[in-house]
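Okay, structure first, notes after.
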Amino acid sequence: MIAGRTTVDDALFVETPEGPALRGSRCAGCGAHTFPVQDGCPRCTGSSMVDVTLARTGTLWSWTSQGFTPKAPYTGTAAYEPYAVAYVELPGQLIVETRLVETDPEKLEIGMPMELVLTPFRDDGSGEPVHTFAFVGVSS
Amino acid sequence: MSEVAIVGIGMHRFGRTEGVSGRAQAVHAARAALADAGLRFSDMRFGFGGSHSAGDADTLVSELGLTGLPFINVANGCATGGSALIAADAAIRSGQHDVGIVIGFDKHPRGAFNTDPAVHGIGPWYGETGMMITTQFFGMKIQRYLHEHDLKPGALTTIAEKAFRNGARNPMAWRRTAIPAAEIEAAPMISHPLTQYMYCSPAEGAVALVLCRADKAREYTDRPVFLQGAAFRSRRYGSFEVFSPWLATDRADSPTVEASAAAFAAAGIAPSEVDVAQIQDTETGAELMHMAETGLCAHGEQEDLIASGATAIEGRLPVNTDGGCIANGEPIGASGLRQVYENVLQLRGDAGEHQVPGDPRVGFTHVYGAPGISACTVLTR
């Protein structure tokens, strides 16, 4: 459970006073960030990564829509479709791939400010929603 | 050091061939390539090959002949064929072997690829939440590219139109009907800004090539094509690749840039000398980006080249003359070798209806695939 909600993988998240954030890694040697956590640094090839809380806000870097229901391993529930995906730049850290709450192309513009939220993507066996992370536009 | 020549080419038609396994298509292509070179499988001193979904290439020897040759399986996603060719190039160039065969084949189920995240070292959450999908990556990559270079999406339609037009002229292509621009634009949106007809589909097919030391080429053919340069690269920190839960804020060139530069350098040939090019067009945005990443033109220059018809078969820089992945589909293991097959046809002057006019002398091929790899070749006659 993260922020009182069931998630696809709690290890992806950190709880902060401002709300859920993503858990990443930062290289103690060169400062490169990754998401999710990993042991090796893809920039300097070192192996001294430390856990870091990634920024909850950023800007839309690129985006697209998902026009068909994917095959397995996708487990989403139709009630939460269609969905859109994007890359959101978290300044000074990295550019994270994410689902978007907004799916209307007319309302998406590269550079717009965004914030992380939890969003349902499937129902579990008892009909309770399971959440993943998504970004939603915020007024600048 | 020996130079390397291609002396035999063979193909099993791309598309869907019900009732014929991927392995059977590979054997068909191999026999055609051997016949083209006037050789038998027992003459082959080595083999490299691969498929993604249709079985192990090294087991083809049970059909082709149990001759004891070293046959090495190659598995490099969309660059499987290109990687097999590079391995063959090294085997001959180093003097280890005089003559051998490369074989790429595949047979995929219908619909988009569904890859297990674990194969790429990514957690199950990535697939479960609907992000392990190649089509999304291509949508986001071209969305960003159009934004950075201030290009309009119209070129994405024109490229698809050309692909189907070229496919209609190629008897070995899968999709052989021209599709008007309006229909391409009105097709279902798969991943914005790319519609269904702007994407290639997973498919079936096989290609084989017989290669030998260049100084022996004329023993097998009077029209050898020389593999002047071949290079393979993987991604650098900061490039934007498929199946990436995150990207670095530092930007780096894609592996295409380095692989193509290395292939041109090895050949001692400049991109401006290319007469015919086959470049990875998993979707039309890929062709647009790869035209510049390979050095065939500058970033931003594509719009005018495409709109003016320069990349058509009769144009100044013909690109994907056989219809590319869009008209041929993508059997992952075979795709890269299809490009080389097409260039050999073009350089021999054997491409018939889709022959580039003017006696082309220099051909270029480029493949790109997951998880951020590229293989390129430069060919001359």
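The values are calculated or read from the model by the stated rules, or taken from the named source; none is laboratory data. Note that the coordinates shown come from a computational prediction; the quantities given were computed from them, not determined experimentally. Cβ coordinates were reconstructed from backbone atoms using ideal geometry, including for glycine residues, and neighbour counts include every protein chain displayed. Surface areas here come from the heavy atoms of the whole protein model, side chains and all, with no ligands, DNA or RNA. Shrake-Rupley method; radii C 1.70, N 1.55, O 1.52, S 1.80 Å.
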Practice problem: Estimate the FRET efficiency between A:ALA11 and A:CYS44 by the formula 1/(1 + (r/R0)^6), using the beta-carbon distance for r and 22 Å for R0, to the nearest 0.05. | Solution: 0.35
Exercise. With a 1.4 Å probe and every protein chain kept in, tell me what percent of the accessible surface of chain A is carbon plus sulfur.
Key: 50
Exercise. May I ask you to list the residues of the range B:11-53 whose amide nitrogen lies under 19 Å from a point 7 Å from Cα along the Cα→beta-carbon direction of B:THR177?
Key: B:14-18
Quiz item: Angle between the Cα long axis of helix B:332-348 and the longest principal axis of chain B, 0 to 90 degrees, nearest 10?
Solution: 70
Quiz prompt | Per residue, in Å², the accessible surface of chain B once ligands and nucleic acids are set aside, probe 1.4 Å | solution = 34
Quiz prompt | Sequence-distant aspartates and glutamates (8 or more away, or on other chains) whose Cα lies within less than 20 Å of B:LYS216 | solution = B:GLU3, B:ASP36, B:ASP43, B:ASP89, B:ASP98
Practice problem: Show which lysines lie in cross-link reach of B:LYS107 when reach means a straight Cα distance below 19 angstrom and same-chain residues fewer than eight apart are skipped. | Solution: A:LYS71
Self-check item: Pair B:HIS299, B:ARG40: separation of 7 Å Cα→Cβ label points (nm)
Solution: 5.6
Quiz item: How big is the shadow of the Cα convex hull of chain B, averaged over all directions, in nm²?
Solution: 17.4
Quiz prompt | A:VAL138 versus B:GLN196: modelled label distance in nm, points set 7 Å from Cα along the beta carbon direction | solution = 4.0
Quiz item: Where is the GNM fluctuation largest for chain B (alpha-carbon springs, 10 angstrom cutoff): B:ASP106, B:ASP222, B:ASP89?
Solution: B:ASP222
Practice problem: Would you compute the Debye intensity of the range B:134-176 from its alpha-carbon atoms alone, equal scatterers and no solvent, and pass along log10 I(q)/I(0) at q = 0.20, 0.23, 0.33 Å⁻¹ to two decimals? | Solution: -0.73, -0.80, -1.02
Quiz item: Using a simple charge model, +1 on the beta-carbon of Lys and Arg, -1 on the beta-carbon of Asp and Glu, nothing else, what dipole does chain B show about its Cα centre, in debye to the nearest 20?
Solution: 580
Quiz item: Accessible area of B:ASP215, 1.4 Å probe, to the nearest 10 Å²?
Solution: 110
Quiz item: Could you work out the helix-only [θ] at 222 nm for chain B, with each DSSP H run of four or more residues adding -39,500 (n - 2.57) and the total divided by the number of residues, to the nearest 500 deg cm²/dmol?
Solution: -10000 deg cm²/dmol
Self-check item: Between 0 and 90°, nearest 10: helix B:284-293 axis offset from chain B longest Cα axis
Solution: 70
Practice problem: Go ahead and run the numbers for FRET between B:THR67 and B:LYS216, Cβ-Cβ distance against an R0 of 22 Å, rounding to 0.05. | Solution: 0.70
Quiz item: Taking both sides together, what accessible area is buried at the A/B interface, probe 1.4 Å, expressed in Å² and rounded to the nearest 100?
Solution: 3400
Quiz prompt | Solvent accessible area, Å² - B:HIS28, 1.4 Å probe, full protein context | solution = 100
Exercise. Excluding A:GLY4 itself, calculate the net charge of residues whose Cβ lies under 14 Å from the Cβ of A:GLY4, where each Lys or Arg counts +1 and each Asp or Glu counts -1.
Key: -2
Quiz item: Helix B:22-37: angle to the longest alpha-carbon principal axis of chain B, degrees 0 to 90, nearest 10?
Solution: 50
Self-check item: Distance between modelled label sites at B:GLU353 and A:ASP123, nm, 7 Å Cα→Cβ extension
Solution: 5.2
Quiz item: Once you average over the residues of B:138-147, how many Cβ atoms of partner chains fall within 10 Å of each Cβ?
Solution: 5
Self-check item: Members of the range B:116-132 that become less accessible by 50 Å² or more once partner protein chains are added (1.4 angstrom probe, chain alone as reference)
Solution: B:TRP125, B:GLU128, B:THR129, B:MET131
Quiz item: Using a cut-off of 15 Å between alpha-carbon atoms, which aspartates and glutamates can reach B:LYS162, once sequence neighbours fewer than 8 places away in the same chain are excluded?
Solution: B:GLU183, B:GLU185, B:ASP281, B:GLU283, B:GLU287, B:GLU303, B:ASP304, B:GLU314, B:ASP322, B:GLU353
Self-check item: Listed residue (B:GLY38, B:ALA26, B:ILE9) projecting farthest to the positive dipole end of the range B:1-50, Cβ model
Solution: B:ALA26
Practice problem: Could you work out, residue by residue across A:66-79, how many beta carbons of other chains sit within 10 Å of that residue's beta carbon, and then give the average as an integer? | Solution: 6
Quiz prompt | R0 of 22 Å, Cβ-Cβ distance A:VAL101-A:PHE68: FRET efficiency to nearest 0.05 | solution = 0.65
Quiz item: With +1 on each Lys and Arg Cβ and -1 on each Asp and Glu Cβ, how big is the dipole of the range A:10-137 about its Cα centre, in debye rounded to the nearest 20?
Solution: 420
Exercise. Mind checking which of B:LEU60, B:LEU227, B:ALA277 is farthest towards the positive end of chain B's charge dipole, using Cβ charges of +1 (Lys, Arg) and -1 (Asp, Glu) about the Cα centre?
Key: B:LEU60
